[in-house]
1. Test residue 65 against the stated conditions and say whether it is under 30 Å from residue 112 (Cβ atoms) and not assigned by TED's automatic domain parsing to the domain that holds residue 106.
2. May I ask you to verify whether residue 122 is surrounded by 10 or more Cβ atoms within 10 Å (Cβ to Cβ) and touching a residue at least 12 places away in the same chain (Cβ under 8 Å)?
3. If you scan segment 82-95, which residues turn out to be in contact (Cβ under 8 Å) with a residue 12 or more places away in the chain and more than 34 Å from the chain's Cα centre (by Cα)?
4. Testing residue 69 on (1) free of Cβ contacts under 8 Å to residues at least 12 places away in the same chain; (2) in a loop (DSSP other than H, G, I, E, B); (3) loosely packed, with under 10 Cβ neighbours inside 10 Å, one condition comes back false. Which one is that?
5. Could you go through segment 23-33 and let me know if any residue there is surrounded by 10 or more Cβ atoms within 10 Å (Cβ to Cβ) and touching a strand residue (DSSP E or B) at 6+ places or on another chain (Cβ under 7 Å).
6. Suppose we keep only residues that are touching a helix residue (DSSP H, G or I) at 6+ places or on another chain (Cβ under 9 Å) and at pLDDT 85 or above within segment 95-109. Which one would you say is surrounded by the most Cβ atoms within 10 Å (Cβ to Cβ)?
7. Only residues that are on the phi < 0 side of the Ramachandran plot and in a loop (DSSP other than H, G, I, E, B): list them for segment 107-122, please.
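The values are calculated or read from the model by the stated rules, or taken from the named source; none is laboratory data. Since the model is a prediction, treat every value here as computed from it, not as a measurement. Note that we place each Cβ from the backbone using ideal geometry, even for glycine, and neighbour counts take in every protein chain shown.
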């Protein structure tokens, strides 16, 4: 009787083992596990993309601020102008580039003016 009982226990254990093993190979369960992995990867990807876009936006805003500070238009808004010698339009950076009677074009914040040089000073 004892032998039969042990045989039944071993047989039941083996049956549970085979059942569990078969369950792991069930296509429906495999698909469910794959779906869960896919959702996890998709969630991670979305978080990574959002983080990347956020960082790129911050970088863009920072660089736009730097660009604005260096912009000639921003400089002109503070009261400066750009002077170009006519004809040709070479930018004038030094009084030695000009002589009495030269025509110049002055680009202002709003508009421009064409002028004639009367004299230059140190």
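1. yes
2. So residue 122 fails the test.
3. Selection gives 83, 84, 85, 86, 87, 89, 92, 95.
4. Failing condition for residue 69: (2).
5. no
6. Checked segment 95-109; the qualifying residue surrounded by the most Cβ atoms within 10 Å (Cβ to Cβ) is 107.
7. Matches in segment 107-122: 108, 109, 110, 117, 118, 119, 120, 121, 122.
Let's see how each residue does on (1) touching a helix residue (DSSP H, G or I) at 6+ places or on another chain (Cβ under 7 Å); (2) part of a helix (DSSP H, G or I); (3) over 30 Å from residue 122 (Cα atoms):
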| residue | (1), (2), (3) |
| --- | --- |
| 7 | no, yes, yes |
| 18 | no, yes, yes |
| 46 | no, yes, yes |
| 85 | yes, no, no |
| 93 | no, no, no |
